[in-house]
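To keep things clear, I will list the structure first and then write my remarks on it.
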Amino acid sequence: MKKILLITILLTCSFGFSQQNQSEKRVNEFTIKNISSYPNPFSVATKISFYTEKNQTIILNIKNLLGRTVFSTEYKISPGNVSIPFHKNDLKSGTYFYSIITDQEIISKRLIIK
């Protein structure tokens, strides 16, 4: 009897959480798509490429594994395919994370310097 009650409660809870109110649904408003860096891993320079649907200002942040920002620059971009060159300069070999920040979203990916 306890097992049946437990199963019923679990099913009820999971069904309740899986429901989504139509008024709460949000349309995906992503403006940055197909983000990648090539070459990755790299030793001197790489290009961070993506597609955008509108004129906007973005911030490119590079962080180390400890979460410290080691590079940050703002760009004004136009619609279409965008390619931003990134040179390692004085960064040491290792794993980093790059983020592209817009007014609507933040997209992060991994970057490896040989």
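The values are calculated or read from the model by the stated rules, or taken from the named source; none is laboratory data. It should be emphasised that the depicted structure is a prediction, and the values quoted were computed from it without experimental measurement. Here Cβ is always computed from backbone atoms with ideal geometry, including for glycine, and neighbour counts include all displayed protein chains. Quick note on the areas: whole protein, heavy atoms, side chains included, nothing else; ligands and nucleic acids left out. Shrake-Rupley method; radii C 1.70, N 1.55, O 1.52, S 1.80 Å.
Of the numbered conditions (1) without any contact (Cβ under 8 Å) to a residue 12 or more places away in the chain; (2) under 16 Å from the mean Cα position of the chain (by Cα), ARG68 fails exactly one; give the number of that condition.
So ARG68 meets the others, but not (2).
Condition first: more than 24 Å from SER93 (Cα to Cα) and not in a loop (DSSP other than H, G, I, E, B). Now tell me which residues in the stretch 50-73 satisfy that.
PHE50, TYR51, THR52, GLN56, THR57, ILE58
So which residues in the stretch 29-44 are surrounded by fewer than 16 Cβ atoms within 10 Å (Cβ to Cβ), of a type in the set (Phe, Trp, Tyr) and touching a residue at least 40 places away in the same chain (Cβ under 8 Å)?
PHE30
From the set of residues in the stretch 63-98 that are aliphatic (A, V, I, L, M) and under 16 Å from PRO39 (Cβ atoms), which is most open to solvent (accessible area, probe 1.4 Å)?
LEU91
What are the residues in the stretch 80-91 that are in a loop (DSSP other than H, G, I, E, B) and either of a type in the set (A, V, I, L, M) or modelled with pLDDT of 95 or more (or both), if any?
LEU91
Do the conditions hold for LYS47, that is, is it in contact (Cβ under 8 Å) with a residue 12 or more places away in the chain, surrounded by fewer than 16 Cβ atoms within 10 Å (Cβ to Cβ), in contact with a Pro (Cβ under 8 Å, 6 or more places away or on another chain) and part of a strand (DSSP E or B)? Steps first, please.
Values: in contact (Cβ under 8 Å) with a residue 12 or more places away in the chain: yes; surrounded by fewer than 16 Cβ atoms within 10 Å (Cβ to Cβ): yes; in contact with a Pro (Cβ under 8 Å, 6 or more places away or on another chain): yes; part of a strand (DSSP E or B): yes.
Spelling it out, LYS47 is indeed in contact (Cβ under 8 Å) with a residue 12 or more places away in the chain, surrounded by fewer than 16 Cβ atoms within 10 Å (Cβ to Cβ), in contact with a Pro (Cβ under 8 Å, 6 or more places away or on another chain) and part of a strand (DSSP E or B).
Please enumerate the residues belonging to the stretch 65-76 that are touching a Ser or Thr at 6+ places or on another chain (Cβ under 9 Å) and at pLDDT 95 or above.
GLU74, TYR75, LYS76, listed by residue number.
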